[in-house]
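Here's the structure, in structure tokens; my notes come after.
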Amino acid sequence: MSSQPIYKRVLLKVSGEALMGSQGFGIDVTVADRIAADIADARRMGVDVGIVVGGGNIFRGVAVASKGGDRVTGDHMGMLGTVINALALATSLRKLGVDTVVLSAISMPEICESFSQRQALHHLSQGRVVIFAGGTGNPFFTTDSAGALRAAEIGAEALFKGTQVDGIYTADPKKDPTATRFDTLTHAEVLEKGLAVMDVTAVALAQENTIPIIVFSIHERGGFAEILTGGGLKTIVSDN
């Protein structure tokens, strides 16, 4: 393990569920502050960090569709949830003195800037953490897909997926004690095995753009920085 980061620019996908901690709903500010501290560590190492945040702690569009509602409207509601989470995480980062900007795929100029690749690259070049809100801005696409898309757009060298466990397992380790963790996989193996770490669109987009996916536990303080320097428990999805 090196003391220097392996990657210069990364995209971190944070689920909405991660932000609610042990609560059943909403945002646990203590958890948001801890995740922000990990991101601040990465910035001190000189790593450019873009973040895509989910909204499952507030609203899921598929919940509307499952009860006979309109999926498009439901997904739009979910996108608004991601904006709430992005603003909360930005607040936690700014408390630590980390220069942070929120770019939304849905225009709401009174609250945050609108997304464009040009703006994202500019802010990253100025050393700011960029949080991408609003998913892709389109219904029927998950925030995992948004993570892979933004990673490609900003030229990220890796897509980090912070999850509830420390990698990709053969089954859910919280339900199956015999589940074993993969150290490495290829994008094709993830798709062929039907491993539910990211949706098919996200994995295929990362594969097409030769972006490795690194799956790790978002709940381990200091884990993000450790993995950035080659240590820690994780699963690396790469075709190299």
- Which entry in (i) 137; (ii) 125; (iii) 111 is this structure's computed volume of the Cα convex hull per residue in Å³? (ii)
- Query: What relative contact order, as a whole-number percentage, does the stretch 9-237 give when Cα pairs under 8 Å and 6 or more residues apart are counted?
  - Reply: 22 percent
- Query: Each residue of the stretch 180-188 in order: what ³J(HN,Hα) in whole Hz does its phi give by Karplus 6.51 cos²θ - 1.76 cosθ + 1.60, θ = phi - 60°, with x for Gly and Pro?
  - Reply: 10, 8, 7, 7, 9, 8, 9, 4, 4
- Under 5 Å between amide H atoms, partner at least 5 residues away or on a different chain: which partners does Thr184 have, H built in plane at 1.01 Å? Ile236
- Name the long-range amide H neighbours of Lys161: under 5 Å, sequence gap of 5 or more, or other chain; modelled H, no Pro or chain starts. Lys13, Ile214, Val215, Phe216
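Calculate, for the chain, the solvent-accessible area per residue in square angstrom, rolling a 1.4 angstrom probe over the heavy atoms of the protein chains.
44 Å²
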- Query: Given Lys8/Lys175; Lys95/Lys234; Lys13/Lys175, which pairs have Cα atoms separated by over 31 Å?
  - Reply: Lys8/Lys175
- Using a 1.4 Å probe over the heavy atoms of the protein chains, calculate the carbon and sulfur portion of the accessible area of the stretch 9-237 as a whole percent. 54 percent
- Query: Sequence-distant or interchain residues sharing an amide H contact under 5 Å with Arg9, placed H: which?
  - Reply: Asp48, Glu157
- Calculated from backbone phi, Karplus (6.51, -1.76, 1.60) coupling profile of the stretch 124-135 in Hz, x at Gly/Pro: 4, 5, 8, x, 8, 7, 10, 9, 9, 10, x, x
- From phi via Karplus (6.51, -1.76, 1.60), per-residue ³J(HN,Hα) for the stretch 25-30 in Hz, x at Gly/Pro: 6, x, 10, 8, 4, 4
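The values are calculated or read from the model by the stated rules, or taken from the named source; none is laboratory data. It should be emphasised that the depicted structure is a prediction, and the values quoted were computed from it without experimental measurement. Protein only, heavy atoms only, side chains kept; ligands, DNA and RNA dropped before computing areas. Shrake-Rupley method; radii C 1.70, N 1.55, O 1.52, S 1.80 Å.
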